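Working notes for the structure below.
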Amino acid sequence: MWSSDRDAAIQALFHVGYPRLVHTAFAIVGDWGLAEQLAQESYLRLYRRWRWIRDPQAAPAYLQRTVLNLSRSSIRRRLLERRTLTDIRDPSSEPDPVSGVALRHAIAALPARRRACIVLRYLADLSEAETADLLGISVGTVKSQTHKALRQLRELLAERPEPAEPARPEAVVPRRGEGKAT
């Protein structure tokens, strides 16, 4: 009986909260596949620890905190891998091929706490109090970190150069008969 109650409760949580968890993880790690894995892992951890959760109403907060912690760990691991690869890789090789929207890059450039505040406040649509509780910091710290992060994002986005217009094919490739010596 206990197992079927747990299964039903987690299934209901999954249908309601999974998209939000994936979006939260994506906003932090910047990779949809990884974000889905992290959200799924958070549900798996909830499933394993269900018997220790006294208040089932706390389960969504548990999931949010778990996906946030998993995302942070993933970023730390990725940074360590990049540092290691940078030490090993030939400096003349091409840069990391990861591409994305300017905003995503700017958010990724923020320090971890500021990034978490921005993601939770604006992308996960949590209140200041919920964000503070989830991060284990005060509401005042959430406010100041969010303010600093928004200012930093404005600066980062303002200094990004506008993308150049792509060259037209006829300007790059000579037409038949053109460009040959006569």
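Please list, ordered by first then second residue, the pairs with beta carbon atoms under 7 Å, 6 or more apart or interchain, first in segment 116-128 and on the phi > 0 side of the Ramachandran plot, second part of a helix (DSSP H, G or I) and among the acidic types (Asp, Glu). Close Cβ pairs (under 7 Å, with a partner that is part of a helix (DSSP H, G or I) and among the acidic types (Asp, Glu)) do not exist here.
Inspection of segment 30-37 finds a residue satisfying the criterion of being of a type outside the set (Asp, Glu) and modelled with pLDDT under 90.
The selection criterion, being surrounded by 15 or more Cβ atoms within 10 Å (Cβ to Cβ), in contact with a helix residue (DSSP H, G or I) (Cβ under 7 Å, 6 or more places away or on another chain) and basic (Lys, Arg), holds for Arg6. Tallying residues that are over 14 Å from the mean Cα position of the chain (by Cα) and assigned to a helix (DSSP H, G or I) within segment 21-64 yields 21.
The values are calculated or read from the model by the stated rules, or taken from the named source; none is laboratory data. Since this is a predicted model, take the numbers as computed values, not measurements. So basically every Cβ, Gly included, is an ideal-geometry build from the backbone, and we count neighbours across all protein chains shown.
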